[in-house]
Amino acid sequence: QYNQLITRRIREFGVFSELLHNDITAEEIKAHGNVKGIIFSGGPHSVYAEDAFTVDPAIFELGIPVLGICYGMQLTTHLFGGKVESSTTREYGSAKVDVFNTASGIFKGLAEEEEVLMSHGDRITAIPEGFSVTASNAHTPFAAFENQERRIYGVQFHPESVLTEGGYLMLGNWLEEIGVQGAAQHAKTLSPLIS
């Protein structure tokens, strides 16, 4: 149910955003034209299940920045050799996360503690090599991560939801990171209007 909302949020920045099926190949993305960034969205499945939704791993080799949201972050973790496991307690609703870097990246200009919307039954227990944790809390030690060299980012929560207070700015920061100039400033302007 978050897919349409993510797409809408990106369009609110004046950026063309298209919702595509997860079975699209890296070659099809290359043929698609000038793709600036890719978002892998959330979902109720477990990445380790037999019928789990996955993506073409070659997408990560295209050099296109990727943002994984919720299931998308878990899928990125799984495909890069990290570990995702079933959690004894499902985390759903508002939560606070500690942000480790507010000077750059997705959390630029945000507070050191942010209120976010969590919605997941699985959790990441080990992040892949080359990634660093950028946000955490007691229940979700890997609430966000990044691999700056490969320009891959992940958040375990939903920045597209108004219940994530700084979510619009997080998306604006990600758009800035992938080369959409002025997105973060636009986010600061419009954030109060959509909350």
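The values are calculated or read from the model by the stated rules, or taken from the named source; none is laboratory data. Just so we're clear, the structure is a prediction, and the values are computed from it rather than from any experiment. Ideal geometry is used to build each Cβ from the backbone, glycine not excepted, and the neighbour counts take in all protein chains shown. Just the protein is used for accessible areas: all its heavy atoms, side chains included, with ligands, DNA and RNA removed. Shrake-Rupley method; radii C 1.70, N 1.55, O 1.52, S 1.80 Å.
A full extension of the chain between Leu20 and Glu112 corresponds to an added length of 29.7 nm, given 0.36 nm per residue minus the alpha carbon distance. For the chain, what class follows from the C-alpha gyration tensor (a ≥ b ≥ c being the square roots of its eigenvalues): rounded when a/c is under 1.5, otherwise prolate if a/b is larger than b/c, else oblate? Cα axes put the chain in the rounded bin. For Thr134, nonlocal amide neighbours, meaning residues 5 or more places apart or on other chains whose placed amide H falls under 5 Å from its own, are Ala144, Phe145, Glu146.
The calculated 222 nm mean residue ellipticity attributable to helices in the chain amounts to -7000 deg cm²/dmol, summing -39500 (n - 2.57) over DSSP H runs of n ≥ 4 and dividing by all residues. With all protein chains kept in place, the per residue accessible area of the chain amounts to 50 square angstrom at a probe of 1.4 angstrom. At a Cα cut-off below 24 Å, give the lysines reachable from Lys188, other chains included and same-chain residues fewer than 8 away excluded. Partners within reach: Lys36, Lys96, Lys108. For Asp122, nonlocal amide neighbours, meaning residues 5 or more places apart or on other chains whose placed amide H falls under 5 Å from its own, are Ser87. Judged by the mean number of other Cβ atoms found within 10 Å, the most tightly packed of the peptides 70-76, 121-127 leads the ranking 70-76, 121-127.
Averaged over residues, the count of other Cβ atoms within 10 Å places the peptides 141-151, 162-172, 49-59, 97-107 in the sequence 162-172, 141-151, 97-107, 49-59, highest first. Cα gyration tensor of segment 122-172, axes a ≥ b ≥ c as square roots of the eigenvalues: rounded (a/c below 1.5), prolate (a/b > b/c) or oblate? Oblate, because a/c is 1.5 or more while a/b does not exceed b/c. Rolling a 1.4 Å probe over the protein heavy atoms of segment 56-140, with every protein chain left in place, gives an accessible area that is 47 percent carbon and sulfur.
The solvent-accessible area of Lys83, taken with every protein chain present and a 1.4 Å probe, is close to 100 Å². Each residue of segment 34-45 is assigned a 3J(HN,Hα), and the resulting list reads 7, 7, 8, x, 10, 10, 9, 8, x, x, x, 7 Hz, derived from the Karplus form 6.51 cos²θ - 1.76 cosθ + 1.60 (θ = phi - 60°), x at Gly and Pro. Between segment 81-152 and segment 26-67, the alpha-carbon centres lie 19 Å apart. The residues packed around Thr7, meaning those with a beta-carbon under 12 Å from its beta-carbon, carry a net charge of 0 if Lys and Arg are +1 and Asp and Glu are -1.
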